[in-house]
Amino acid sequence: MFNNNMILVVIPARGGSKGIPRKNLRLLDNKPLISYSIEVAKASQYVDDVVVTTDDSQIALIAEKFGASVVRRSEELSNDDALLDPVIHDAMIQKEKLAFDEYDIVITLQPTSPLIKTETLDESIEKFEDFSLDSVISVVDDRHLSWGYDENHQRYFPNYIERANREDLPKSFKETGAILATRRHFVQENSRLGTNIDIVEVSREESVNIETYEDWWLAENYLRKKKIALVVNASNEIGTNHIDRCLAIASKLVFHEVLFLVDEHYQLGVDIVCKSNYSYKIYEDLGDLFKILNEYGPHIVVNDILDTSEEYISDLKEHGYFVVNFEDLGVGSGIADVVFDDLYEHDLSEENVFTGYKYFILNDEFYYQPAKIITNDVNRVLVAFGGKDTHNLTELVIDSILSTNYNGRIDVIVGLGYEGLEELISKYESNPLIQIYRNVTNISEFMFKADIIFTSANKSIYEICSIGIPTICLCNDVREETHSFVSQNNGFINLGLGEVVEKQDIIDEFINLVNDYELRRQLHERMLSIDLRYGFENITSVVEEEYRKFEFNKISKRSDYEDIQ
């Protein structure tokens, strides 16, 4: 249809912008603002010529470097009061004189709309298949409850019949200014519109028109927006720590798009994500997972599923994804782009691995929990080993505490995987000092109220540290024993592997801690000297740096391939 039609895109860009000085040349996400509209137009399958009309030599230079031709406009057409109609008409006439031919369709493409897509431009052009159509303009759905003002009666009035939710209101369109396409004979010095007009509706993102610094900020964030797939599981056996971390990450990625991917065999994970209101998909096996990933097209794939295989991570890399893993001691960690492990130490020679408390992400509830105030008396103890507690350290610690003359309250929180709950309740139900809970949603409150905590060397020790409660730690397994953060230097009494700890050792440490106010105060101060509130920022900083390298390497490989071709 368009083979016999000459199509010209005119990009008006004067140098004297007021709201944001020199905005057409300023770097938006590391590229001149004007480059976006030029690249969109040049990528169109229909556009024949792209011309920038300007009064500015620097704009002309940059425009030519990005592949556009340039026409100069007069001073009269460059002042603050100049309208676009005569500017576009002048550019069209100049180009036609150079081409010794007339164009059929002339399109105004504003450089202040950098987020418009080539697909949208092509859609606008394709509408001219209707030979009765004169012009096409880009619009955005702007329906809302609006009000007008009656100057004669000096009163306000509603522009609607009855109040309703926005989505129930009739569509109301606002011009975005990004695209105005018209047949050539309607391009006059005082108008660019015919009488039969159609629209092309664009998204909120594409509708951004940069007039203010707030618009610039919005466009910059849209351009930096990434699609992030979070592959994560949760179950009674592995607990909810992994999914809690991913939810905490997702809550902070407000400028990015996230999709949770959960194995259908982990029903607890499915239930938690379903209740979170984030977008999610359930996969059956790895083949199904890759099918979903290919349809979604993420920039970054995050795995919080413990140890990964070389085959799985290799497949992700072959698909071109940037891969971030958490708590991965598997073979796959060696070929992931970045691995974070706040709990367990890796081989420090591995350049892609970042370990330690700096990369722990506190759950939101701990950001607003005040520090514990250490008092002389110990009136409340919390026992919380989480997970399955395979060696039943919970019962061992309760019995140890009851073997002393401590007569305060004991709060006990067991994990979803704990199998002896009924027996535990039956054993201690006659003791009014003991309260047993499962799957609490406000653990920060329990921690804050405790004077001493017994726990294992899992992520809870960081949460405890952020509040500053003296803690005795018994490791659940050999893997937890490698968690070097759990030391007296950081405010913890670490008794080592729980299954080999003698009951008397627990009793002795507990009695000593209860009776030694000064020791509890020192442990408290050591904990609070460690800043745990910037884990997400530290992770983001690493990912952004490594992602830049990843993108640069992709561009370099593409350039090398093109050179060979």
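The values are calculated or read from the model by the stated rules, or taken from the named source; none is laboratory data. The structure presented is a predicted model; accordingly, all values stated were derived computationally and were not measured. Reconstructed Cβ throughout: ideal geometry from the backbone, glycine too, with neighbour counts over all protein chains shown.
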Matching option when the condition is touching a Pro at 6+ places or on another chain (Cβ under 6 Å) and in contact (Cβ under 8 Å) with a residue 24 or more places away in the chain, among 78, 37, 69, 44: 37
Selection from the range 432-462 of residues that are closer than 18 Å to residue 393 by Cβ, modelled with pLDDT of 90 or more and charged (D, E, K, R): none
Count - residues of the range 390-434 that are among the acidic types (Asp, Glu) and either buried (at least 16 other Cβ atoms within 10 Å of the Cβ) or within 38 Å of the chain's Cα centre (by Cα) (or both): 3
Top-ranked residue in the range 181-236 [being over 24 Å from residue 171 (Cβ atoms) and free of Cβ contacts under 8 Å to residues at least 60 places away in the same chain; ranked as surrounded by the most Cβ atoms within 10 Å (Cβ to Cβ)]: 234
Any hit, the range 199-214, residues being among the aliphatic types (A, V, I, L, M) and closer than 30 Å to residue 289 by Cβ: no
Single match in 140, 187, 136, 200 (criterion: modelled with pLDDT of 95 or more, over 30 Å from residue 264 (Cβ atoms) and touching a His at 6+ places or on another chain (Cβ under 7 Å)): 187
Within the range 13-65, tally of residues that are small (Gly, Ala, Ser), out of contact with any helix residue (DSSP H, G or I) (no Cβ under 8 Å at 6 or more places or on another chain) and closer than 19 Å to residue 75 by Cα: 4
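I need the full set of residues from the range 174-198 which are part of a strand (DSSP E or B), closer than 21 Å to residue 130 by Cα and either among the aromatic types (Phe, Trp, Tyr) or out of contact with any Asp or Glu (no Cβ under 9 Å at 6 or more places or on another chain) (or both), in order please.
179, 180, 181
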Residues (crowded, with 23+ Cβ neighbours inside 10 Å, outside any loop (DSSP other than H, G, I, E, B) and without any contact (Cβ under 8 Å) to a residue 60 or more places away in the chain) located in the range 473-491: 473, 475
Residue ID - farthest from residue 90 (Cα to Cα), chosen from residues in the range 182-195 that are among the polar types (S, T, N, Q) and over 43 Å from the mean Cα position of the chain (by Cα): 195
The range 164-179, subset at pLDDT 90 or above and not β-branched (Val, Ile, Thr), residue farthest from residue 37 (Cα to Cα): 173
Sole exception among (1) at pLDDT 95 or above; (2) under 16 Å from residue 110 (Cα atoms); (3) crowded, with 17+ Cβ neighbours inside 10 Å for residue 46, by number: (2)
Checklist (1) more than 18 Å from residue 364 (Cβ to Cβ); (2) in contact (Cβ under 8 Å) with a residue 60 or more places away in the chain applied to residue 244, failing item: (1)
Residue list for the range 254-263, filter: modelled with pLDDT of 95 or more and in a loop (DSSP other than H, G, I, E, B): 256
Some residue of the range 342-352 being surrounded by fewer than 15 Cβ atoms within 10 Å (Cβ to Cβ), more than 30 Å from residue 490 (Cα to Cα) and over 20 Å from the mean Cα position of the chain (by Cα): no
Unmet requirement for residue 272, which otherwise passes all of (1) closer than 27 Å to residue 482 by Cα; (2) of a type in the set (A, V, I, L, M, F, W, C); (3) buried (at least 19 other Cβ atoms within 10 Å of the Cβ): (1)
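With the condition kept exactly as written, say whether any residue in the range 231-248 is within 20 Å of residue 296 (Cα to Cα), assigned to a loop (DSSP other than H, G, I, E, B), of a type in the set (Ser, Thr, Tyr) and not assigned by TED's automatic domain parsing to the domain that holds residue 419.
no
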One residue from 376, 363 being at pLDDT 90 or above and more than 22 Å from residue 494 (Cα to Cα): 376
All positions within the range 492-521 that are without any contact (Cβ under 8 Å) to a residue 24 or more places away in the chain and out of contact with any helix residue (DSSP H, G or I) (no Cβ under 8 Å at 6 or more places or on another chain): 500, 502, 504, 505, 508, 515, 516, 518
The lone exception for residue 387 - which of (1) outside the structural domain of residue 517 (by TED's automatic domain parsing); (2) out of contact with any Pro (no Cβ under 9 Å at 6 or more places or on another chain); (3) surrounded by 18 or more Cβ atoms within 10 Å (Cβ to Cβ); (4) not polar (S, T, N, Q) it fails: (1)
Subset of the range 100-119 that is aliphatic (A, V, I, L, M) and within 20 Å of residue 205 (Cβ to Cβ) - its residue that is farthest from the chain's Cα centre (by Cα): 109
